[in-house]
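The values are calculated or read from the model by the stated rules, or taken from the named source; none is laboratory data. On a predicted model such as this, the values are computed, not experimentally measured, just so you know. All Cβ positions, even for glycine, are placed from backbone atoms using ideal geometry, and neighbour counts span all protein chains on display. Calculation scope for accessible area: heavy atoms of the full protein, side chains included, ligands and nucleic acids excluded. Shrake-Rupley method; radii C 1.70, N 1.55, O 1.52, S 1.80 Å.
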Amino acid sequence: MKPTIVLVHGAFAESAGWNGVIQQLTAEGYPVIAAPNPLRSVSGDAAGVSALVSTIDGPVVLVGHSYGGAVISNAATGHDNVKALVFVAAFAPEAGESIGFLSGKFPGSTLGETLREVPLADGSVDLFIRPEKFHHQFIADVPADVAALAAATQRPLNTTALNEGSGEPAWKNLPSWFVYPELDLNIPLAAHRFMAERAGARTTVELPGASHAIPASEPAAVAETILRAARSIA
């Protein structure tokens, strides 16, 4: 039985951002689910993915992009059928660390200056990337018309998700694979390298000239890394 690959998108994106990756994975015969990610809180979003994993028979590879890495680090806990984690330009927090902390641990992120804030009634704030900043900040290595569509369909990250500390991460007990871009303006390259080394990644792939949204801009490279993880548990 080939493992089911569960893809978890990150902030300022949505599940369709995985489309190019999904095409390549399904062409290799792997079942794929692009899980919904509300981007509300690490614990709540992880609980939703965990519930989904509970309904899957057979082995699972969990894949997270950006904030989705924090989600899969928590969602895998307690599931013996999760056999591998793949971090795609993603956060891999230690217990107690937030993605906000990790994004500022090393210099280089310019995300903060591009954000538009939408205050909510519960006191939290939804964060969007301003449309005129989206192409350069998030997905510089695709055509402008593609970036414009992604900007219009982006889903906001809530400040609770930004600032909530992670639980004990599953990457301490599960094999992990990391693929990340050289020119990430959301998560500094030094942070990617630090997290991959700390997690003891089986494979680390650094994509020259790529921007943060590599599921959309580098689907072949992202899919190949996921396939390496999937084949390792076959």
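Points worth noting:
- Rounded to the nearest whole Hz, the Karplus-based 3J(HN,Hα) values (6.51 cos²θ - 1.76 cosθ + 1.60, θ = phi - 60°) of region 104-116 follow the sequence x, 5, 10, x, x, 6, 10, 4, x, 6, 9, 8, 10, with x at glycine and proline.
- Contact order for the chain, expressed relative to its length and based on alpha carbon pairs under 8 Å spaced 6+ residues apart, stands at 26 percent.
- For Leu157, the residues whose modelled amide H falls within less than 5 Å of its own, excluding neighbours fewer than 5 places apart on the same chain, are Phe12, Leu127.
- Note on Glu168 and Ala220: the model spin-label points, each 7 Å out from Cα along the C-beta direction, lie 4.3 nm apart.
- Candidate lysines - alpha carbon under 30 Å from Lys105, same-chain residues fewer than 8 apart omitted: Lys83, Lys133, Lys172
- Highest mean packing first, where packing is the average number of other Cβ atoms within 10 Å per residue, the peptides 57-67, 170-180 line up as 57-67, 170-180.
- Across the accessible surface of region 75-121, with the other protein chains kept in place and a 1.4 Å probe, carbon and sulfur atoms take up 53 percent.
- With contacts taken as Cα pairs under 8 Å at a separation of at least 6 residues, region 1-119 carries a relative contact order of 25 percent.
- With every protein chain in place, region 129-234: carbon and sulfur % of accessible area (1.4 Å): 54
- Local electrostatic count, Ala190, Cβ distance below 14 Å [Lys/Arg +1, Asp/Glu -1]: -1
- Rounded if a/c under 1.5, otherwise prolate or oblate - region 81-205, Cα gyration tensor axes: oblate
- With the simple spin-label model, which puts each label point 7 Å out from Cα in the Cβ direction, the Ser43 to Ile56 separation comes to 2.4 nm.
- Charge dipole (debye, nearest 20) of the chain; +1 at Cβ of Lys and Arg, -1 at Cβ of Asp and Glu: 360
- Derived scalar couplings ³J(HN,Hα) [region 30-42; Karplus, 6.51 cos²θ - 1.76 cosθ + 1.60; whole Hz; x for Gly, Pro]: 8, x, 10, 10, 8, 6, x, 9, x, 6, 9, 7, 4
- Of all DSSP beta bridges in the chain, antiparallel share, percent nearest 5: 20
- Over the chain: helical MRE at 222 nm, DSSP H runs n ≥ 4 each giving -39500 (n - 2.57), nearest 500: -10500 deg cm²/dmol
- Couplings for region 79-90, taken from phi via the Karplus curve 6.51 cos²θ - 1.76 cosθ + 1.60 with θ = phi - 60°, read 10, 5, 7, 7, 10, 7, 10, 10, 9, 10, 6, 10 Hz in order; Gly and Pro are left as x.
- Using the 1.4 Å probe convention, the accessible area of region 149-203 works out to 42 Å² per residue with neighbouring protein chains retained.
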